[in-house]
1. Each label point is 7 Å from the Cα along the Cα-to-Cβ direction; what then is the distance between the points at Glu185 and Asp38, in nm?
2. Would you please name the chymotrypsin sites (Phe, Trp or Tyr not before Pro) within the stretch 125-212 that are DSSP coil residues with at most 14 other C-beta atoms within 10 Å of their C-beta?
3. What full-extension length gain, to one decimal in nm, is calculated for Arg227 and Gln168 as 0.36 nm per residue of separation minus the Cα-Cα distance?
4. In sequence order, what are the phi-derived ³J(HN,Hα) couplings for the stretch 183-196 according to the Karplus relation 6.51 cos²θ - 1.76 cosθ + 1.60 with θ = phi - 60°, rounded to whole Hz, with x for glycine and proline?
5. Taking the Cα centre of the chain as the origin, how large is its charge dipole in debye, to the nearest 20, when only Lys and Arg (+1) and Asp and Glu (-1) carry charge on their Cβ atoms?
6. Cut-off 17 Å, label point 7 angstrom out along Cα-to-Cβ of Ala74: give me the residues of the stretch 35-58 whose amide nitrogen falls inside.
7. Any chance you could get the radius of gyration and Dmax over the Cα atoms of the stretch 3-231, in Å?
8. Give a quick list of GluC sites (Glu not before Pro) in the stretch 88-152 that DSSP marks as loop, anything other than H, G, I, E or B, with at most 15 other Cβ atoms within 10 Å.
Amino acid sequence: MARIGVVTFPGSLDERDAQRAIRLAGAEPVALWHGDHDLQGVDAIVLPGGFSYGDYLRCGAIAAQSPLMAEVVAAANAGTPVLGICNGFQMLVEAHLLPGGLIRNDHGNFIRRDQQLTVENTTTAWTSEFTQGETITIPLKNGEGGYIADAETLARLEGDGRVVFRYQGVNPNGSLNDIAGITNERGNVVGLMPHPEHAVEPGFGPNTRVRMRSGVDGLKFFTSALRALQAV
Ligand SMILES: NC(=O)CC[C@H](N)C(=O)O
């Protein structure tokens, strides 16, 4: 059975939900601690959401300096699938595994809502179970979700098809080009602001009245990773 590690940092919030999502997808979740140096031989890694180090300095900035993050960076560069969810996305950017930055929502408020996204890239390790152009509903909850990058980086991301998810409808935070998630060149590292681990069980995910669906779109992130691991 594939083993997917979930790293807990001081101030992490969603590591239990991430572990549960991994279990529901049919893999074994492995709890990893930020202060360790050992990835325990996991096949893939999830950096969960939350408020690591109280969001001091910048969201994810201090977590990116954790001992285990050096191992995560090395594993990511060797091709291990890595998913950063919200605060985890902020860590991936701070660790330079993904380009650009995440800044305060343009309206200045913390936002919480069921967010419709367009799936733009189904070739990554975490999105192969989706259909290109598909609309999915994934909960969004953050204070610093505005994606920024310089013009050259943005053009490169767009030109290479590395924008993985885009916000539909009203842009919730001022992200450039409505970007909700991106991938690295190799497609093994994906970061996004919405929370797929909160949309894995009927009745507990996004408001089903928004669409006549059961709110389990998030599960496909994790089953995609299993498929990627089987293909290796
Ligand atoms: N849900 C989260 O992971 C929140 C991330 C971060 N603390 C923010 O507010 O932007």
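Derivation of every value follows stated rules applied to the coordinates shown; laboratory data play no part. Computed from a predicted structure; not experimentally measured. Cβ placement follows ideal geometry from the backbone for every residue including glycine, while neighbour counts extend to all protein chains displayed.
1. 3.4
2. Details: sites: Trp126, Phe130, Tyr147, Phe165, Tyr167, Phe204; in loops: Trp126, Phe130, Phe204.
Here the sparse-neighbourhood loop sites are Phe204.
3. Values: separation 59, 0.36 × 59 = 21.24 nm, distance 2.72 nm.
That works out to 18.5 nm of additional length.
4. Each residue of the stretch 183-196 in turn: 10, 7, 4, 7, x, 8, 10, 10, x, 8, 7, x, 10, x Hz.
5. For the chain, the charge dipole is close to 560 debye.
6. 35-45
7. 15.7, 45
8. Answer by residue number: Glu134.
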